[in-house]
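Working notes, structure below.
The values are calculated or read from the model by the stated rules, or taken from the named source; none is laboratory data. The model shown is predicted, which means the values in this text are computed figures rather than measured ones. Note: ideal-geometry Cβ built from the backbone for every residue, glycine included; neighbour counts use all protein chains shown. For accessibility, only protein heavy atoms count, side chains too; no ligands or nucleic acids. Shrake-Rupley method; radii C 1.70, N 1.55, O 1.52, S 1.80 Å.
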Amino acid sequence: MILTVTYNPAVDQTMTFDEPLVAETVNRATDARFDAGGKGINVSQFLTGLDTETVATGLLGGFTGEFVTDQLAAAGIETAFVEIEAPTRLNTTALADGTEYKLNQSGPAVDGSVVDGLLDRIARRDPERVLVGGSLPPGLDTDAIDRIAAAGSWETTVDVDGDLLAALDGEYALCKPNREELAAATGRPVETVDDCVTAAGALREQGFERVVASLGADGAVLVGPDGAIHAEPLDIDVVDTVGAGDALLSGVLASLERGESDDLALATGVAVASRVVAQAGTGVPDLNSVFDDRSAVETRRVD
């Protein structure tokens, strides 16, 4: 079972506009949707779509927190959140004239004692894998992540910003930076795929057994104990990139949970991400045939 931890979840509001946004006037959306969001929550939703057992945990509060809980319950996802007093944040993505505008809240401030309650919830479920994803709310630092990695026999994966990634001080099974986060975590160039492979190798030396890096139009790479793999993106029409990295990671983790190779894991991740970016919002698309779709993903070993 894969347990996800989202310290700073969100309600994701996605608004679509037929015309370009104009300053100092009322811009009226033609469509809007709300999704339970945050990296760990997104991954749990995608894992459920991939028929992989998961439990979603983290911190939730207020009316927005109730929305997240209701959404996950409706999706049949088991939850074990720690309740906080302040409302969970609201993040907005506006899609207008082919451009994405992202407006994210920082999240409510919390006390470090919330980590104790979260560790208790994780230990009670004794998962094989734990994913810690997303930003930290005000009041927490990297110790909140390192404590989870050191608290049990589970394998811990992290999907956090590059600065946080560089500051972690534990041993981790996997991390999933994007291109910018990979550069921030290592201080190395990431212009080419080969650059990214080299940077990912350097990140492995910091305590990560596997590094999966999402590279946008250049696809993705996985660097692990058996070497480096590059996967080309599928040829699709991209509608909305929100949740693409979470989808990639979900496919990788679901495949590894099935005992599959790194090559298949990366191909699965790219196939899942391709389904997600073809739609607006962070909702879960139909993933029933995604394990068949991965055969269309081109992968190659990188020296």
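How high is the relative contact order of segment 1-106, in percent, with contacts defined as C-alpha pairs under 8 Å that are six or more residues apart? Please list the in-between numbers first.
Details: 226 pairs, mean separation 37.1, N = 106.
Relative contact order comes out at 35 percent.
Once you keep just the Cα pairs under 8 angstrom separated by 6 or more residues, what percentage relative contact order results for the chain? Don't skip to the end; give the middle numbers.
Working: 691 pairs, mean separation 48.7, N = 303.
Relative contact order here is 16 percent.
In a GNM of the chain with a 10 Å cut-off on Cα contacts, which of Asp195, Asp97, Asp163 has the highest mean-square fluctuation?
Result: Asp97 has the largest fluctuation of those listed.
Please get the size of the charge dipole for the chain, origin at its Cα centre, with Cβ charges of +1 on Lys and Arg and -1 on Asp and Glu, quoted in debye to the nearest 20.
Working: 20 positive and 52 negative charges, 63 e Å.
With Lys and Arg at +1 and Asp and Glu at -1, about 300 debye.
Using the Karplus equation 6.51 cos²θ - 1.76 cosθ + 1.60 (θ = phi - 60°), what ³J(HN,Hα) coupling, rounded to whole Hz, does each residue of segment 43-54 give in order, writing x for Gly and Pro?
4, 4, 5, 5, 4, 4, x, 8, 6, 10, 4, 8
Nearest 5 is fine: what % of DSSP beta bridges in segment 12-110 come out antiparallel, could you say?
Numbers: 10 of 20 bridges.
Of those bridges, close to 50 percent are antiparallel.
Let me know the whole percent of all Cα-Cα pairs from the chain that are separated by more than 27 Å. Could you put the intermediate results ahead of the total?
Working: 17684 of 45753 pairs.
When all Cα pairs of the chain are counted, 39 percent exceed 27 Å.
For Leu90 and Glu260 in the same chain, what is the full-extension length gain: residue separation times 0.36 nm, less their Cα-Cα distance, in nm? Let's see the in-between values first.
Working: separation 170, 0.36 × 170 = 61.20 nm, distance 3.67 nm.
Extra length available between Leu90 and Glu260 comes to 57.5 nm.
Write down the accessible area per residue of the chain in Å², having rolled a 1.4 Å probe over the full set of protein chains. List each step's numbers first, then the result.
Numbers: 13090 Å² over 303 residues.
Value returned for the chain: 43 Å² of accessible area per residue.
What residues have an amide H closer than 5 Å to that of Val190, excluding those fewer than 5 places away on the same chain, when H is modeled at 1.01 Å from N in the peptide plane?
Counting only residues 5 or more places away or on other chains, the set is empty.
Order the peptides 182-194, 106-118, 51-63 from the highest to the lowest mean number of other Cβ atoms within 10 Å of their residues. Before the final figure, lay out each step's value.
Details: 182-194: 17.3, 106-118: 15.8, 51-63: 20.9.
My ranking of the peptides, most packed first, is 51-63, 182-194, 106-118.
Can you send over the carbon and sulfur percentage of the accessible area for segment 219-303, probe radius 1.4 Å, protein chains only?
Numbers: 1490 of 3310 Å².
Summing carbon and sulfur atoms, their accessible area is 45 percent of the total for segment 219-303.
Output wanted: per-residue J couplings in Hz (rounded whole) for segment 99-112, from phi through Karplus 6.51 cos²θ - 1.76 cosθ + 1.60, θ = phi - 60°, x for Gly and Pro.
With coefficients 6.51, -1.76 and 1.60, one gets 10, 9, 10, 10, 10, 10, 7, 6, x, x, 5, 9, 8, x Hz.
Taking H placed 1.01 Å from N in the peptide plane, check which residues at least 5 places from Ala220 or on another chain put their amide H under 5 Å from its amide H.
Distant-sequence amide H within range of Ala220: Leu215, Ala231.
What is the set of long-range amide H partners of Gly37 at a cut-off below 5 Å, with H atoms built 1.01 Å from backbone N?
Residues meeting the criterion, in which the H sits 1.01 Å from N, are Ala10, Val11, Asp12.
Tell me the relative contact order for segment 77-185 as a rounded percent, counting alpha carbon contacts under 8 Å between residues six or more apart.
Values: 136 pairs, mean separation 21.7, N = 109.
This gives 20 percent for segment 77-185.
Say each of Thr241 and Asp169 gets a label point 7 Å from the Cα, pointing the same way as Cα to Cβ; how far apart are those two points in nm?
Reported label-point gap for Thr241 and Asp169 is 3.4 nm.
Which stretch or stretches of segment 83-105 have amide N atoms under 20 Å from the point lying 7 Å from Val22's Cα along the Cα→Cβ direction?
From segment 83-105, the list is 94-101.
Bin all alpha-carbon pair distances of segment 164-216 at 10 Å intervals from 0 and give each bin's fraction as a whole percent.
Each 10 Å bin holds this share of Cα pairs: 29, 61, 10.
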